[in-house]
Amino acid sequence: MARNPVNPFRYGKLVQKKDFCTRPEVNVLREYLRSGQNVVLYGERRIGKTSLVEEAVRGLKGFRSLFVDIYEVQSLHSLSQRIASAVARRGNMSLVQRFLKSVSVLRPTLSLNTDGLPVIGLDAQRLSTPTDLEPLVDFLCTDFSGEKCVIVFDEFQSILNLPDSREVQAILRSKIQQQSGAFVFLGSIRQEMRLLFTGHDSPFKDSAALMEVGYLPEEPFKKFLAKKFEMTGYTVEETVWPEIFSVTRGHPNETQKLCSALWMAHLDTRTVTPANLRDGYELIFAMQRAQFERDWGALTGKQQSVLRTVAQRGGRHVTAADFLQASGITHAPTVRRCIDRLNDLDILLDADGEQVFTDPFFRLWLLDKGY
Ligand SMILES: Nc1ncnc2c1ncn2[C@@H]1O[C@H](COP(=O)(O)OP(=O)(O)OP(=O)(O)O)[C@@H](O)[C@H]1O
Ligand SMILES: [Mg+2]
């Protein structure tokens, strides 16, 4: 063990290699990609979608891949720029040159950033209708065509933000269908992803295998986390784990966040026990207090009552008589509307019929405050 070990827990961004706890979906995804099958991966926010795909692709020997993140694209130009950035990020000048040639009609420019990496600019004036995207999509479908190629579109639900989204989807779909590499579409908004790939009039209907990314299996995840504590000289009492997992529901990001906080809070004793878990919660509350206060303050009185009741009693059967009574709201449709709003705000999410907090520490904070 190093004398001054660094915090071994990672959250809020993609995890790789020793920070990646292996999960069964990796092999399933690899098999799909080996056979050139297009795949849709969807799941809750921060559940591990991007990490899973990166890990699966990294293990495919001899494959070429391109990762295009289209989070919050709002225009054809921003979508095109994301594709150009993905190409530039590969740092392969011959790939960049082929790209520039293929999209010459979009008047590309090439410069180098301060790290000496290529930066490609495209002329927004030349990207006014969905058909203007064709040279870019043609490039992807030609340069990354063939059995050992994977193109990943991350945050794919953002395609719905585009002004002519259906037309863009139709172009993508028709070109993708004609080539033999595999495409992976990642998305975190379940309804939107389902609609895109299963909606009866959607251009993407039945174009890809659907995989839902769920929680990591609890036992291996616990071992993975326990080992990280152990390797940095920490002793963790076994009885701590059920509590950690009951608070976070085993959500990968939130569980790592809590472990990280516990690690920080106990630097002096390097011991975690049920009695000192609270120090970890306190640290998270301190980091997130401003956001919790803002989110809580922005709710109406009725929404606050419903949220408080979910925090106290759990989120099953939210329109049943005892839930209504506990919330002090007499009409079930009013509770329903509050729940819909809390879902829209991404404060609660529907997990197979149960309303749960997207951020488990917000729930703890509410209970702690007695709100
Ligand atoms: N296989 C894993 N092993 C360990 N931790 C993981 C794993 N997958 C995800 N995590 C945890 O979840 C966090 C988020 O992972 P990742 O960014 O891959 O999720 P995502 O679903 O792509 O998130 P987003 O919804 O923001 O796109 C990581 O920082 C890590 O804390
Ligand atoms: Mg992601």
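Mind checking which aspartates and glutamates have their C-alpha under 19 Å from Lys148, skipping anything on the same chain fewer than 8 residues away? Lys148 reaches Glu31, Glu54, Glu55, Asp138. The angle separating the long axis of helix 76-89 from the principal Cα axis of greatest extent in the chain is about 90 degrees. For Gln355, the residues whose amide H sits under 5 Å from its own are Gly315, Arg316, ignoring neighbours fewer than 5 places away on the same chain, with H placed 1.01 Å from N.
Against the main long axis of the alpha-carbon atoms of the chain, helix 301-313 sits at an angle near 70°.
Suppose every Lys and Arg Cβ carries +1 and every Asp and Glu Cβ carries -1, with no other charges. What dipole size does the stretch 22-212 come out with about its Cα centre, to the nearest 20 debye?
So the magnitude is around 460 debye.
Around the amide H of Lys205, modelled in the peptide plane, lies no amide H under 5 Å away from a residue 5 or more places distant or on another chain.
With a ≥ b ≥ c taken as the square roots of the eigenvalues of the C-alpha gyration tensor of the stretch 22-212, please select rounded if a/c is under 1.5 and otherwise prolate if a/b is larger than b/c or oblate if it is not? Display every interim value, and only then the final one.
Working: a/c = 1.63, a/b = 1.24, b/c = 1.32.
Oblate, since a/c reaches 1.5 and b/c is not below a/b.
Distance between the C-alpha centres of the stretch 264-296 and the stretch 29-46: 35 Å, rounded to the whole angstrom. Have a look at the DSSP beta bridges in the chain and tell me what percent are antiparallel, nearest 5. Beta bridges within the chain, antiparallel portion: roughly 30 percent. Mind checking the stretch 234-302 for GluC sites (Glu not before Pro) that DSSP puts in a loop (not H, G, I, E or B) and that have at most 14 other Cβ atoms within 10 Å? In loop regions of the stretch 234-302 (DSSP not H, G, I, E or B), the sparsely surrounded GluC sites (Glu not before Pro) are Glu237, Glu238.
Which number gives the lysine pairs in the stretch 218-369 that have C-alpha atoms under 17 Å apart and are eight or more places apart or on different chains? The partial results should precede the final answer.
Numbers: Lys222/Lys257; Lys223/Lys257; Lys227/Lys257; Lys228/Lys257.
Taking the Cα cut-off of 17 Å, the pair count is 4.
Across the stretch 324-332, coupling constants 3J(HN,Hα) worked out from phi with the 6.51/-1.76/1.60 Karplus curve, θ = phi - 60°, read 4, 4, 5, 7, x, 10, 7, 9, 4 Hz, and Gly and Pro carry x.
For the chain, what is the relative contact order in percent, using Cα pairs closer than 8 Å and at least 6 residues apart in sequence? Write down the numbers at each step before the final one.
On the way: 527 pairs, mean separation 66.8, N = 371.
Once divided by the residue count of the chain, the mean separation gives 18 percent.
Taking a straight line from the alpha carbon of Lys205, these aspartates and glutamates sit under 19 Å away, with near neighbours fewer than eight places off in the same chain left out: Asp154, Glu155, Asp164, Glu167, Glu192. Legend: ranking of residues His317, His200 from fewest to most surrounding C-beta atoms inside 10 Å; resulting order His200, His317. Stokes-Einstein diffusion for the chain at 4 °C, viscosity 1.567 mPa s, with a Kirkwood radius from C-alpha pairs, works out to 56 µm²/s. Relative to the longest principal Cα axis of the chain, at what angle does helix 165-177 sit, 0 to 90 degrees, rounded to 10? Computed tilt is about 70 degrees. Working from Cα pairs under 8 Å separated by at least six residues, relative contact order for the stretch 123-207 is 32 percent. In order along the stretch 140-147, the Karplus-derived 3J(HN,Hα) couplings, from 6.51 cos²θ - 1.76 cosθ + 1.60 at θ = phi - 60°, round to 4, 6, 9, 5, 10, 8, x, 5 Hz, and Gly and Pro are given as x.
Laboratory data are not the source of any read-out in this text; all were calculated from the coordinates shown. Just so we're clear, the structure is a prediction, and the values are computed from it rather than from any experiment. We place every Cβ from the backbone using ideal geometry, glycine too, and count neighbours over all the protein chains shown.
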